[in-house]
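Below: the structure, in structure tokens.
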Amino acid sequence: MEATTLQQAGYQVHVICPTSERHPERREVLDGVRIRRYPLGVEGRSSIGTLVEYLWALLCMTWHVFAVSSKFPIKVVHVCNPPDLLFLATWPARVIRRAKTIFDQHDLCPELWEAKGHSLDGFYARALLKAEAATYRWADVVISTNESYKHIATTRGRKNADNVFVVRSAPRKTFAVTEIGQTRSSDEAHRIAYVGTMGAQEGIDILLDAIKLLVTDYKRTNLQCDIIGGGPERDALMALSVSLGLAEFVTFHGRVSDGDMRSIIMNSDIGVNPDRPSTMNSLSSMNKIVEYMALGIPMVQFDCVEGKRTALEASTYVTDPTAAGLAIEMDALLADAAGREYMRTYGLQRFNDALCWEAQYPNLINAYSQLAPL
């Protein structure tokens, strides 16, 4: 949406990214945006493998930046992390065209490392902090996904607040429902949905343990939980679900189309965001929260700073960061039809007023106008 919004605003946009099974084409033009793809290469599973993967990607990106800069009067190179190394690929445009750089920070990489169970005192953590600091120094403008990230940029990153713009990640209004459907009664409510990545820090194992408690301790034997998405922990989580005896209660859909995802979520009674409480998850804005609100679904999540700032009254918040705490709140919300009705209406209204892409892109245009006015 950033690329197409900038294209529609009058900029000529080029995107450099890896190929994939769904998008094997090396060159493509979509909605006026020119896309250049490079072979993905090896996917690192170890420190050496990750180093090889990153070096290959950086070399490919640098070559494409050079190729584009040689043909077109590039004014801005926009890098989206992770990793915090992509500024290294921007030098051809800076040398050839004197281009400026925008750092679009979607993850706090040091905190992400910590959320995966590592210490912030070790070699890799220090390397991540140095890479982040170098990216901040290299960037002329920073785009932050929320106010917490902006605070990091202006403190740890030492950026001038006038050069930091908050642009939330959010779908367009057309993604949202136009009206709220019928809310199931307390006796009928039984469907729970999760959409997102399946990694260690997402807490889906906590969700599965909570589903087990709902089935066994709370006697919700008609419960159905739909889990949408992929990620490195998907196979392990599917195995955990089977070992917990949840095969008939939990469905792993994998990656699905936007249409199928909307249909599954809209048929749910509540959405859940089980991200483990951590510095990373507390300071980050999760796309799933906004998507639940856009589709008129109330949610349950752990009590994290940006999760609460985003959802406000569209969610209930679990202060006990355990499966038992999550199960209590999910059971209570399933039993509260009136509360779900209010949260659905409130969430959709907040999405349309403050969180949708149409409310975000003016700041994106302002960031570009500071470096390359049309």
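A DSSP coil position with no more than 11 other Cβ atoms inside 10 Å describes the following trypsin sites (Lys or Arg not before Pro) in region 126-176: Arg158.
A simple spin-label model places pseudo-atoms 7 Å from Cα toward Cβ; at Ala324 and Ser119 they are separated by 3.1 nm. Working note: Cα atoms of region 174-355, range along each principal axis, descending, whole Å: 43, 37, 33.
Dimensions of the chain along the principal axes, based on C-alpha atoms and rounded to the nearest Å, stand at 67, 44, 41, largest first.
By the Stokes-Einstein formula, at 0.890 mPa s and 25 °C, region 297-374 with its Kirkwood radius over alpha-carbon pairs has D equal to 170 µm²/s. Residues Trp56, Trp357 in ascending order of nearby Cβ atoms (within 10 Å, fewest first): Trp56, Trp357. Between helix 357-371 and the chain there is an angle of about 20 degrees, using the helix long axis and the longest principal axis of the Cα atoms.
Each residue in Thr135, Thr322 was given a count of other beta-carbon atoms within 10 angstrom of its own, and listing them fewest first yields Thr322, Thr135. Looking at region 272-374, none of the trypsin sites (Lys or Arg not before Pro) sits in a DSSP loop with at most 10 other Cβ atoms within 10 Å of its own Cβ. Within 10 Å of each candidate Cβ there may be at most 14 other Cβ atoms; applying that plus a DSSP loop requirement, which GluC sites (Glu not before Pro) in region 1-30 survive? Loop-located and lightly packed - Glu21, Glu25. Dividing the mean sequence gap of close Cα pairs (under 8 Å, 6+ apart) by how many residues the chain holds gives a relative contact order of 15 percent.
FYI, it's all coordinate maths here, none of it is from the lab. Quick caveat: nothing in here was measured; it's all calculated off a predicted structure. Positions of Cβ are generated from backbone atoms using ideal geometry, with glycine treated the same way; all protein chains shown enter the neighbour counts.
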